[in-house]
Amino acid sequence: MRRRSLLLTVPAGLVTLAACGNDKAGSGKAGVSASPSAPASSAAPSPKIVSGPLPAITAGTRFGEKPTVAKGSGDPSKDLAVKTVVAGSGRPVAENDYVQVNYLGQVWATGKVFDNSYDRKAPLLIQLAPGTIIDGWRYALPGKKTGSRVEFSVPPTWGYGAQGNPQAGIKGTDTLVFVVDVIDTFNAKSSAKGKVAPQAGTALPKVGTNTDGAAPSIDVPKSAAPKKLVAEYVIEGDGPVVAADNTVLVQYKGVLWDTGKEFDSTYRRDALTSFSLQQVVKGWAQGLTGKKVGSRVLIVIPPALGYGDKPPQGSGIGKDSTLVFSVDILAKM
């Protein structure tokens, strides 16, 4: 079993399509839990950010390489020490963005590495939001540009607190050191990016190809709905292929085939959604598996692969409804 990140907090809830139309806080959080977990929230004040001290990176000094970091020398700062080791030139990170990163974390006093994504060969995809990740990350990364390597030290106040993280060997008095490579960042205006694919024929809905962050149009034909699942590119990206067990970060809009009425949309909520393909209806899981990151996909889901005769209460979806989605696959983990 793949080891999971130590940085994540216990999730407030799992995102599945059974929650369509639910705008409550926490409905857009990733279905990934910490093992062990970080504090679910923090009442600590915003930290003062200083430039050091920070231990030297002695090997793996390039962006994307697994770094080796020296043990801390002397006492660490009681503030949040942050240094841009490699300056990127991409889009800057903002608080509440989802970021895709590789990282290594170790204890200041001992140099013990307690977690890293490089060995897993699977970058972390996480939102920089309260209750989602330890506070040190939320304050250290905003303003840094994609393509940057950032080193920072996190005192207990903005890390795991006085309780520490015993399963990871982190004491309540330990300051932590992180090296983070910022691969990409996403917000509510993120869209698919790639080559527009032909939408031939009149039997299927037509989806807009705008990539300005606004919701695309979905025009449903006045004809019988298909009996089988449809999953076709509207925009074909050039990223890695999504696997059946991946967690994906998406923008999406859903309408009913019979009426064309919208029943759910991340654009309307102004918030991206991240979820595991093992935690959604079969039509979504089958429709997105095998598609490329960066793509916009038209998915038409017949009742048997959707909600059948048991749609979510209050969703606006009737029994045995055929569902039509436009889905932008922004990232995967």
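The values are calculated or read from the model by the stated rules, or taken from the named source; none is laboratory data. Model, not experiment: these values are computed from the prediction. Note: ideal-geometry Cβ built from the backbone for every residue, glycine included; neighbour counts use all protein chains shown.
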Here is a check on your reading of the model: is GLY201 over 30 Å from VAL300 (Cβ atoms), modelled with pLDDT under 95 and either surrounded by fewer than 18 Cβ atoms within 10 Å (Cβ to Cβ) or out of contact with any Leu (no Cβ under 8 Å at 6 or more places or on another chain) (or both)?
no
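Among ASP270, ASP328, ASP309, which is the only one that is of a type in the set (D, E, K, R) and on the phi > 0 side of the Ramachandran plot? Walk me through how you get there before you give the answer.
Numbers: ASP328 fails: on the phi > 0 side of the Ramachandran plot; ASP309 fails: on the phi > 0 side of the Ramachandran plot.
Only one candidate passes the filter, namely ASP270.
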Residue check: is GLY283 in a helix (DSSP H, G or I) and at pLDDT 95 or above?
yes
Would you check if there is a residue in the stretch 302-323 being in contact (Cβ under 8 Å) with a residue 12 or more places away in the chain, acidic (Asp, Glu) and surrounded by 17 or more Cβ atoms within 10 Å (Cβ to Cβ)?
no
Here are some conditions: (1) farther than 30 Å from ALA271 by Cα; (2) in contact (Cβ under 8 Å) with a residue 40 or more places away in the chain; (3) among the hydroxyl-bearing types (Ser, Thr, Tyr). THR146 meets all but one. Which one does it not meet?
(1)
Filtering the stretch 141-176 down to residues that are touching a helix residue (DSSP H, G or I) at 6+ places or on another chain (Cβ under 7 Å), farther than 14 Å from GLY105 by Cβ and small (Gly, Ala, Ser) yields ALA162, GLY172
Which of the residues spanning the stretch 112-128 are in a loop (DSSP other than H, G, I, E, B), under 15 Å from THR247 (Cα atoms) and among the aliphatic types (A, V, I, L, M)?
ALA122
Scanning the stretch 154-198 for residues that are touching a Leu at 6+ places or on another chain (Cβ under 6 Å) and closer than 23 Å to GLY64 by Cβ gives VAL154, VAL179, PHE186, SER190
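Looking at GLY283, is it in contact with a Pro (Cβ under 8 Å, 6 or more places away or on another chain) and of a type in the set (Gly, Ala, Ser)? Outline the logic, then answer.
On the way: in contact with a Pro (Cβ under 8 Å, 6 or more places away or on another chain): yes; of a type in the set (Gly, Ala, Ser): yes.
So GLY283 passes the test.
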Filter the stretch 114-135 down to the residues that are in contact (Cβ under 8 Å) with a residue 60 or more places away in the chain and more than 18 Å from the chain's Cα centre (by Cα), then identify the one that is surrounded by the fewest Cβ atoms within 10 Å (Cβ to Cβ).
PHE114
Residues in the stretch 236-251: is at least one over 20 Å from the mean Cα position of the chain (by Cα), surrounded by 20 or more Cβ atoms within 10 Å (Cβ to Cβ) and under 24 Å from GLY208 (Cα atoms)?
no
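Looking at the structure I just gave you, is ALA215 assigned to a loop (DSSP other than H, G, I, E, B), in contact with a strand residue (DSSP E or B) (Cβ under 6 Å, 6 or more places away or on another chain) and more than 25 Å from LEU124 (Cβ to Cβ)?
On the way: assigned to a loop (DSSP other than H, G, I, E, B): yes; in contact with a strand residue (DSSP E or B) (Cβ under 6 Å, 6 or more places away or on another chain): yes; more than 25 Å from LEU124 (Cβ to Cβ): yes.
Taking the combined requirement at face value, the residue satisfies it.
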It is to be established whether one or more residues within the stretch 233-243 are outside any loop (DSSP other than H, G, I, E, B), assigned by TED's automatic domain parsing to the domain that holds LYS319, under 22 Å from ASN187 (Cβ atoms) and modelled with pLDDT of 95 or more.
yes
Looking only at the stretch 171-188, decide whether some residue is under 22 Å from the mean Cα position of the chain (by Cα) and surrounded by fewer than 19 Cβ atoms within 10 Å (Cβ to Cβ).
yes
